[in-house]
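The values are calculated or read from the model by the stated rules, or taken from the named source; none is laboratory data. Fair warning: this is a prediction, and the values are worked out from it, not measured in the lab. We place every Cβ from the backbone using ideal geometry, glycine too, and count neighbours over all the protein chains shown. Each accessible area value is taken on the protein alone, full model and side chains, heavy atoms only, with ligands, DNA and RNA left out. Shrake-Rupley method; radii C 1.70, N 1.55, O 1.52, S 1.80 Å.
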Amino acid sequence: MSNATDNNHGIVDTSDTVYTVPDVARMFGRKECTIRKRIEKGLIPAHKMGRCWYILKSELVAELRDT
């Protein structure tokens, strides 16, 4: 987990928590491949940098509230 992320080479919000796929998988008790599939289907909001996906806590919480 981190407290800052680089989105399109600009700082998003340094106070927002950033999760990785393994972080989210542990939180929800799912496999990493399941989280990646849900990201690719657009079910979990995420940002890709290189080969890694990053999930902003604020976007994840907002998505969970909408469902």
Subject >> Residue tally, condition part of a helix (DSSP H, G or I) and open to solvent by less than 90 Å² (accessible area, probe 1.4 Å), over the stretch 37-46 >> reply: 1
Original post:
Of all residues in the stretch 47-67, which are without any contact (Cβ under 8 Å) to a residue 24 or more places away in the chain and either closer than 17 Å to residue 18 by Cα or open to solvent by less than 70 Å² (accessible area, probe 1.4 Å) (or both)?
Top reply: 48, 50, 51, 59, 61, 62, 63, 64
Original post:
Quick check: anything in the stretch 11-30 surrounded by fewer than 11 Cβ atoms within 10 Å (Cβ to Cβ), at pLDDT 95 or above and not in a helix (DSSP H, G or I)?
Top reply: yes
